[in-house]
Amino acid sequence: MNASSPIDTPAFFADQHGQYARWLTTPGPRPVRNPQGLDYWLVTRHAEARAVLVDPRFSKDPRHARRALSAAGYGVTGTDSFFLPLVNSDPPDHTRLRRLVSGAFTPRRVTGLRPRVEALTHELLDAAGEEGAADVDLMAVLAFPLPVLVISELIGVPHGSRAALLGWATRMLTVSGSGDGPAERTRRLHRWFGTLVAAKRPRVRADLPPDQQPDLLSALLAARDTENRLDDEELVSLLVLLLVAGHETTTGMIGNAVDALLRHPDQLALLRATPERIPAAVDELLRYEASLSRTTLRVALEDVEVAGTVVPAGSIVSVALAAANRDPASCPEPGRLDVTRERSPHLSFGHGIHFCLGAPLARLQLETVLRVLLDRYAELTLADPGAPQRWRPVGDMRGLLTLPARLVPATR
C-alpha cells in the first residue's frame, strides 16, 4: 500500500466533501489511515463503489482481518462492538439470517407504523412547546428521540421499558460518564435485550406465522426457515443492530435533511408549495448528505483489481458513500441541492445483498418529519444562520450534534 492519506482528523471533518471531491478526480481506491492506526483502501467513485458492494471477493466477515483490526483496537467476535452477525457475515450465513429477518420485517409491518410515527412526531414537538416563535434544538427534541421510540414500537418494547431503551441509546451515542468504552456498553446492551427476549418468549403464540405476530420481536421469535431458526445470540445481536445502526443512521438522516433544507430556503419553499414532492425529495436529501458516510469494512479474499489498482488479498476496504453520492459522473452538479431532480442516484442505503433492511422504515420517518414540520410551522429557519455546523466526530457516521432552529407555528 502506498503512503496513506489521513482520514477522520479534525481537518477532514471540517471539509469532508471538499476532500472527497479532490479524491474523486482520480480513479481507483485510495489508501487511508484513521486515527486508531488502521490502514485500509477507500473507494470513492460511484461506479466503482457499486461494483465493490456486489463483488463476492470482498468479505464482510471481519475475522478475515483479525490481526489488523485487533492491532487497531477493534473487537471482532461475540458481543464486541465491531461484530453484528447480519452486517458482518457472508453467504450462506448471511442469506439464512436475511431470509429469517425479512420474513418478519415486512412492508406491511413498516407501513402499519405510519400513523404512530406521525403521532410520535407531534407528541415530541408538542413537548417542545409552541406558545409563539421559539428557538428549539431539533436534534435534541426530535431527531434523537424519534427513532428510538419508533424502534420501541416496532420491536414491541413494553411502555414501561422505553425510557430505559432511550437511556441505552443515549449512552451508545455519547461518552459514558462511567468510563465504559463502546465494547462494554454494547455488552451491557446485549444483556438488556437478552432479558427482554427471555420475558417475551413465553408469550409468543407459536401457531401464528411471523407476519401475523403483534410486533417484530414476537415475529423474530416465531421465525423459521425450514429446519433453522434464530438462536438467542443471533436474535439479541439483531436487536442491538436495530437500535445502534437504525437509531444512529436515522437520527443523522433526519438532522442532515432538515438542516440542508433550512440552509436552502428556496428548496424548503418548493416543498411547502408542493408537498407531493416530499417522497422524491427524500432521495435527493439522502444523496446530498448521507448519514452513513462510509460502509462497514470489507476484506479482500484474493487480489482484486479495482479501476486499475490491485487491492491485495487480506486488505481492508471501505466504500465512501458520501463521496459516491456526489460523483459528477453519476449526478450532474452534485454539490447542489435540488429537490426537483428527476433522478437522485445514491448509495446511502448500500447496494447488493447488504442493502439496508431498515430503509423503508427510515424513509417513512423522514417523510413524516418533513410533512409534520411543514404542516405545523409557518416559518422554519436556522436560529443562527451564521453559526457553523457542529458534526459528531465519528468516522463512518455523518450527523449533527445540534440543530438550533426557529419555529413559528402556523395559525390554526
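The values are calculated or read from the model by the stated rules, or taken from the named source; none is laboratory data. From a predicted model like this one, the values you see are computed outputs, not experimental measurements. Every residue, glycine as well, gets a Cβ built from its backbone with ideal geometry; the counts of neighbours run over all protein chains shown.
May I ask you to say which residue of ALA290, ALA313, ALA323 is touching a Leu at 6+ places or on another chain (Cβ under 9 Å), of a type outside the set (Phe, Trp, Tyr) and free of Cβ contacts under 8 Å to residues at least 60 places away in the same chain? Going through ALA290, ALA313, ALA323 in turn, just one is touching a Leu at 6+ places or on another chain (Cβ under 9 Å), of a type outside the set (Phe, Trp, Tyr) and free of Cβ contacts under 8 Å to residues at least 60 places away in the same chain: ALA313.
Tally time: how many residues in segment 1-12 are in contact (Cβ under 8 Å) with a residue 24 or more places away in the chain and either surrounded by fewer than 18 Cβ atoms within 10 Å (Cβ to Cβ) or in a strand (DSSP E or B) (or both)?
Restricting attention to segment 1-12, the residues satisfying the condition of being in contact (Cβ under 8 Å) with a residue 24 or more places away in the chain are 1-10.
Filter once more, keeping what is either surrounded by fewer than 18 Cβ atoms within 10 Å (Cβ to Cβ) or in a strand (DSSP E or B) (or both): 1-6, 9-10.
Residues flagged as in contact (Cβ under 8 Å) with a residue 24 or more places away in the chain and either surrounded by fewer than 18 Cβ atoms within 10 Å (Cβ to Cβ) or in a strand (DSSP E or B) (or both) within segment 1-12 amount to 8.
Collect the residues in segment 252-267 that are crowded, with 20+ Cβ neighbours inside 10 Å, of a type outside the set (A, V, I, L, M, F, W, C) and within 14 Å of GLN389 (Cβ to Cβ), keeping them in residue-number order. Once the filter is applied, which keeps residues that are crowded, with 20+ Cβ neighbours inside 10 Å, of a type outside the set (A, V, I, L, M, F, W, C) and within 14 Å of GLN389 (Cβ to Cβ), segment 252-267 yields GLY252, GLY255, ASN256, ASP259.
Scanning segment 128-171 for residues that are closer than 20 Å to LEU370 by Cβ, assigned to a helix (DSSP H, G or I) and at pLDDT below 90 yields a count of 1.
Taking the criterion of being touching a residue at least 40 places away in the same chain (Cβ under 8 Å), outside any helix (DSSP H, G or I) and more than 18 Å from the chain's Cα centre (by Cα), would at least one residue in segment 262-284 satisfy it? Talk me through it step by step, then tell me what you get.
In the first step, residues of segment 262-284 are kept if they are touching a residue at least 40 places away in the same chain (Cβ under 8 Å); the result is 262-265, 267-268, 270-272, 275, 277-284.
Adding the requirement that they be outside any helix (DSSP H, G or I) leaves 263-264.
Imposing the further condition that a residue be more than 18 Å from the chain's Cα centre (by Cα) reduces the set to 263-264.
Looking through segment 262-284, at least one residue is touching a residue at least 40 places away in the same chain (Cβ under 8 Å), outside any helix (DSSP H, G or I) and more than 18 Å from the chain's Cα centre (by Cα).
Checking each residue in segment 36-62 for being under 21 Å from the mean Cα position of the chain (by Cα) and in a strand (DSSP E or B) picks out LEU42, VAL43, SER59. When restricted to residues that are hydrophobic (A, V, I, L, M, F, W, C), within 21 Å of SER291 (Cα to Cα) and surrounded by 13 or more Cβ atoms within 10 Å (Cβ to Cβ), segment 378-398 contains 4.
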